[in-house]
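J.: My structure is below; once you've seen it, I'll send some questions.
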Amino acid sequence: MAKHTAPVKKNEIITLKFEDLTHEGNGVGKIDGYPLFVPYALPGEEAKVKVVKVNKNFGFGKLLEVANQSGERVEPPCNVYYQCGGCQLQHMSYQLQLEMKQNQVKNVMRKIAHLDHVPVHPALGMEDPWRYRNKVQMPVGEKNGELITGFYRMRSHDIIDDMETCVIQDELNDRSVHAVRRIANRLGIKAYDEKADRGVLRHIMVRTGNETNQTMIVLVTRTEKLPHKDELIRELTETFPHVKSIVHNINNKRTNVILGRKTKVIWGEEYIYDTIGDIRFAISAKSFYQVNPPQTKKLYEKALEYADIKSDDIVVDAYCGIGTISLFLAQEAKKVYGVEVVPEAISDAKKNAELNGITNAEFFVGEAEKVMPWWKAQGLKPDVIVVDPPRKGCEVDFLNAMIEMEPERIVYVSCNPSTLARDLRVLEDGGYRALEVQPVDMFPQTNHIECVVKIERSLSN
Ligand code: SAH
């Protein structure tokens, strides 16, 4: 066993000066070179800290009292900020949040991708970084026999029952969640009890179109039956004219995954609509749709600029969701091929092409890492490939197929800088060159950041 060399002990109370921030937003202070990570501490501050965890090379502390508050410290507007696991950065100025995120991207570009020279631009922020989320998935529980809704307490599944409002959430979603809880409570619908795997209502999911204000409510139950369905529908639709669709989803598994397999539209439309720029999108319950519409517009504009599409270009949009990026690309390209693993999203994508009179986009259901090698074997030679994978990034089979297809340009859109950097290394080794990185702040107040990268085939290959 290695003897630990930490200069502090658990439960010790120390004074610490903070120099830096981790990518999670924790303050970093050092004692004799040994770093302690302390949530809610800011660079430049000196504070009293209780040591709560001591590892060999680093430890964690709890902030007790700040001696000299940083000018970047702000009062968090949320009443449960220090309990909720949703936001991590409400205690810092928005400018500092943006700088922290840019630095995080620079760090992974250096440490993981070994691409020190590639410019990482300042993160594109929001003018008003609040109330931006168009989708909420709210857990339902019970306290003293009454239904409660609220996010989970940090690192737990205990519902925070005094959450008045979520300040990063669209107000209509907030109000819709409260209305469902109130009505369901009055009707005597029971909450799902996770520990006992009993009860009915698990989650209330609400999504509202930013431009259209159309709302879809999804009620997730453990049971096949939604008790008092008709009364619930009647009351909801009478109270809220913006509700266009009510969906019942059944999830009878013991799992953290929110939506189950079975989905039934129980009132209204199968879709809600939203527009980004000049394109209209139909969005169904199970489809991915970016959560921050104004920032999505900036992200897609950057992606299009980097893609630099010519009118006779063949383009692949991998991980295309409901065809959002594909349809913008299709307005400029000769032909776009989209691939996506969720069948409902592909059926939305086809509908969206039709809705916008776009005839040069074709969509396929499948895993990108299987479909790309198959397309390659079929002789498909795209000029440009756009990729926008989930947090885990791309599979190596996908990256290799992409390299072998020899597109002139690749645009990589990513919601996880670490896997982005890992994949960029593979692309560089395969003869591609990352030219610039644009971080876009899709998730203000949280420690997440989206990036778009311009990549070109290098002439030496
Ligand atoms: N480009 C879209 C969607 C991006 S989110 C947009 O901007 O809206 C990532 C998408 O990848 C999701 O729709 C998810 O369902 C899909 N996905 C996840 N794993 C995949 C895989 N192995 N192959 C193809 N698509 C996948």
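J.: Is there any pair with a first residue in region 84-102 that is among the hydrophobic types (A, V, I, L, M, F, W, C) and a second that is in a helix (DSSP H, G or I) whose Cβ atoms are under 7 Å apart and which are 6 or more apart or on different chains, and what are they?
T.: Filtered contacts from region 84-102: Leu89/Gln97.
J.: Kindly provide the set of residues from region 288-322 that are in a loop (DSSP other than H, G, I, E, B) and farther than 23 Å from Gln137 by Cα, ordered by number.
T.: First, the residues of region 288-322 that are in a loop (DSSP other than H, G, I, E, B): 288-292, 308-313, 319-322.
Residues satisfying the conditions are Asp308, Ile309, Lys310, Ser311, Asp312, Asp313.
J.: Cβ-Cβ distance below 9 Å, separation of 6 or more or different chains: which pairs start in region 357-380 with a residue that is touching a residue at least 40 places away in the same chain (Cβ under 8 Å) and end on one that is hydroxyl-bearing (Ser, Thr, Tyr) and open to solvent by 50 Å² or more (accessible area, probe 1.4 Å)?
T.: Within 9 Å, the pairs are Phe363/Ser347.
Here is a yes/no grid of residues against (1) within 15 Å of the ligand (Cβ to nearest atom); (2) open to solvent by less than 50 Å² (accessible area, probe 1.4 Å); (3) assigned to a helix (DSSP H, G or I); (4) in contact with a Gly (Cβ under 6 Å, 6 or more places away or on another chain):
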{"residue": "Glu369", "(1), (2), (3), (4)": "yes, yes, yes, no"}
{"residue": "Trp374", "(1), (2), (3), (4)": "yes, no, yes, no"}
{"residue": "Lys381", "(1), (2), (3), (4)": "no, no, no, no"}
{"residue": "Val386", "(1), (2), (3), (4)": "yes, yes, no, no"}
{"residue": "Lys392", "(1), (2), (3), (4)": "yes, no, no, no"}
{"residue": "Ile410", "(1), (2), (3), (4)": "yes, yes, no, no"}
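J.: Regarding Phe398, is this residue open to solvent by 30 Å² or more (accessible area, probe 1.4 Å), within 13 Å of the ligand (Cβ to nearest atom), among the aromatic types (Phe, Trp, Tyr) and touching a residue at least 24 places away in the same chain (Cβ under 8 Å)?
T.: For Phe398, the condition - open to solvent by 30 Å² or more (accessible area, probe 1.4 Å), within 13 Å of the ligand (Cβ to nearest atom), among the aromatic types (Phe, Trp, Tyr) and touching a residue at least 24 places away in the same chain (Cβ under 8 Å) - is not met.
J.: Moving to a separate point now. Among the residues of region 271-287, how many are of a type outside the set (Val, Ile, Thr) and either in contact with a strand residue (DSSP E or B) (Cβ under 7 Å, 6 or more places away or on another chain) or not in a loop (DSSP other than H, G, I, E, B) (or both)? Talk me through it step by step, then tell me what you get.
T.: Quick first cut of region 271-287, residues of a type outside the set (Val, Ile, Thr) only: 271, 273-274, 277-278, 280-282, 284-287.
Among the residues that remain, those that are also either in contact with a strand residue (DSSP E or B) (Cβ under 7 Å, 6 or more places away or on another chain) or not in a loop (DSSP other than H, G, I, E, B) (or both) are: 271, 273-274, 280-282, 285-286.
Of the residues in region 271-287, 8 are of a type outside the set (Val, Ile, Thr) and either in contact with a strand residue (DSSP E or B) (Cβ under 7 Å, 6 or more places away or on another chain) or not in a loop (DSSP other than H, G, I, E, B) (or both).
J.: If we scan region 336-353, do we find a residue that is over 20 Å from the mean Cα position of the chain (by Cα) and away from the ligand (no atom under 16 Å from the Cβ)?
T.: Checking region 336-353: not a single residue is over 20 Å from the mean Cα position of the chain (by Cα) and away from the ligand (no atom under 16 Å from the Cβ).
J.: Pull up region 415-461, narrow it to residues that are among the aliphatic types (A, V, I, L, M) and assigned to a helix (DSSP H, G or I), then point me to the one that is surrounded by the fewest Cβ atoms within 10 Å (Cβ to Cβ).
T.: Initially, region 415-461 is screened for residues among the aliphatic types (A, V, I, L, M), giving 420-421, 424, 426-427, 434-435, 437, 440, 442, 449, 452-453, 455, 459.
If we keep only those that are assigned to a helix (DSSP H, G or I) too, we end up with 420-421, 424, 426-427.
Values: Leu420: 29, Ala421: 25, Leu424: 28, Val426: 18, Leu427: 22.
Looking at the filtered set, the residue picked out is Val426.
J.: Further question on the same structure: Pairs please, first residue from region 325-349 and under 19 Å from Pro390 (Cβ atoms) and without any contact (Cβ under 8 Å) to a residue 24 or more places away in the chain, second anywhere and assigned to a helix (DSSP H, G or I) and open to solvent by less than 30 Å² (accessible area, probe 1.4 Å), Cβ atoms under 7 Å, 6+ apart in sequence or on different chains.
T.: none
J.: Could we say that Asn107 is out of contact with any Phe, Trp or Tyr (no Cβ under 6 Å at 6 or more places or on another chain), open to solvent by 10 Å² or more (accessible area, probe 1.4 Å), polar (S, T, N, Q) and not assigned by TED's automatic domain parsing to the domain that holds Ala184 here?
T.: Values: out of contact with any Phe, Trp or Tyr (no Cβ under 6 Å at 6 or more places or on another chain): yes; open to solvent by 10 Å² or more (accessible area, probe 1.4 Å): yes; polar (S, T, N, Q): yes; not assigned by TED's automatic domain parsing to the domain that holds Ala184: yes.
Answer is yes for this residue.
J.: Note down all Cβ pairs under 8 Å where the first residue falls in region 418-440 and is of a type in the set (Ser, Thr, Tyr), the second is open to solvent by 50 Å² or more (accessible area, probe 1.4 Å), and they're at least six residues apart or on different chains.
T.: Ser418/Ile112; Thr419/Arg391; Thr419/Lys392; Tyr432/Glu456; Tyr432/Arg457
J.: List every residue pair whose Cβ atoms lie under 9 Å apart, where the two residues are 6 or more positions apart in sequence or sit on different chains, the first residue falls within region 142-156 and is part of a strand (DSSP E or B), and the second residue, located anywhere, is of a type in the set (Gly, Ala, Ser) and surrounded by fewer than 14 Cβ atoms within 10 Å (Cβ to Cβ).
T.: Tyr152/Gly85; Arg153/Gly85
J.: Identify all residues within region 295-313 that are open to solvent by less than 30 Å² (accessible area, probe 1.4 Å) and within 12 Å of the ligand (Cβ to nearest atom); write none if there are none. Don't jump to the end; show me each part of the working.
T.: In the first step, residues of region 295-313 are kept if they are open to solvent by less than 30 Å² (accessible area, probe 1.4 Å); the result is 295-296, 299-300, 303, 306-307, 309, 313.
Passing the criteria: Gln295, Thr296, Leu299, Tyr300, Ala303.
J.: Could I ask something else about it? Could you identify the single residue in Lys264, Lys286 that is over 22 Å from Ala361 (Cα atoms) and open to solvent by 30 Å² or more (accessible area, probe 1.4 Å)?
T.: On the way: Lys286 fails: over 22 Å from Ala361 (Cα atoms).
Only one candidate qualifies: Lys264.
J.: Filtering region 193-208 down to residues that are on the phi < 0 side of the Ramachandran plot and not in a strand (DSSP E or B), which residue is least open to solvent (accessible area, probe 1.4 Å)?
T.: Residues of region 193-208 that are on the phi < 0 side of the Ramachandran plot, as a first pass: 193-196, 198, 200-208.
Right, trim to not in a strand (DSSP E or B) and you get 194-196, 200.
On the way: Glu194: 71, Lys195: 177, Ala196: 41, Val200: 18 Å².
Among them, the one singled out is Val200.
The values are calculated or read from the model by the stated rules, or taken from the named source; none is laboratory data. Keep in mind that what you see is a predicted model, and the values were worked out from it rather than measured. Counting neighbours? That spans all protein chains shown, and the Cβs are built from the backbone with ideal geometry, glycine included. Each accessible area value is taken on the protein alone, full model and side chains, heavy atoms only, with ligands, DNA and RNA left out. Shrake-Rupley method; radii C 1.70, N 1.55, O 1.52, S 1.80 Å.
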